[in-house]
């Protein structure tokens, strides 16, 4: 299976899976970066859902990191 990187930041990477026709499998997947364990976070059928989750998770990770550094 081929995957293409769509969006990334310090915490997460959003990929699109290139899958054969008539295959039932979520097309979009979010992984943590290697620095943060590199594991699968969640997969999605639609790009809009994946981007919404990606942006929300990124914002939460940035907030958490800021709190750890300041306090």
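A short reminder: the numbers here are calculations on the coordinates, not readings from a lab. The shown structure was predicted, so the numbers you read here are calculated from the model rather than taken from an experiment. Here the Cβ positions follow ideal geometry from the backbone for every residue, glycine too, while neighbour counts run over all protein chains shown.
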Quiz item: Is region 60-71 home to any residue that is farther than 15 Å from residue 3 by Cβ and assigned to a loop (DSSP other than H, G, I, E, B)?
Solution: yes
Quiz item: Before we move on, is residue 51 touching a helix residue (DSSP H, G or I) at 6+ places or on another chain (Cβ under 7 Å) and either surrounded by fewer than 16 Cβ atoms within 10 Å (Cβ to Cβ) or in a helix (DSSP H, G or I) (or both)?
Solution: no
Quiz item: Looking at region 37-60, which of its residues are more than 12 Å from the chain's Cα centre (by Cα) and in contact (Cβ under 8 Å) with a residue 24 or more places away in the chain?
Solution: none
Quiz item: Which residue pairs have Cβ atoms under 8 Å apart, sit 6 or more places apart or on different chains, and have a first residue in region 8-19 that is at positive phi and in contact (Cβ under 8 Å) with a residue 12 or more places away in the chain and a second that is surrounded by 15 or more Cβ atoms within 10 Å (Cβ to Cβ) and in a loop (DSSP other than H, G, I, E, B)?
Solution: none
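Hey, can you tell me all the residues within region 7-39 that are closer than 22 Å to residue 62 by Cα and surrounded by fewer than 11 Cβ atoms within 10 Å (Cβ to Cβ)?
If the condition is that a residue be closer than 22 Å to residue 62 by Cα and surrounded by fewer than 11 Cβ atoms within 10 Å (Cβ to Cβ), then 34, 35, 37, 38, 39 are the ones that fit.
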Self-check item: All positions within region 26-36 that are closer than 11 Å to residue 12 by Cα and in contact (Cβ under 8 Å) with a residue 12 or more places away in the chain
Solution: 29, 30, 31, 32, 33, 35, 36
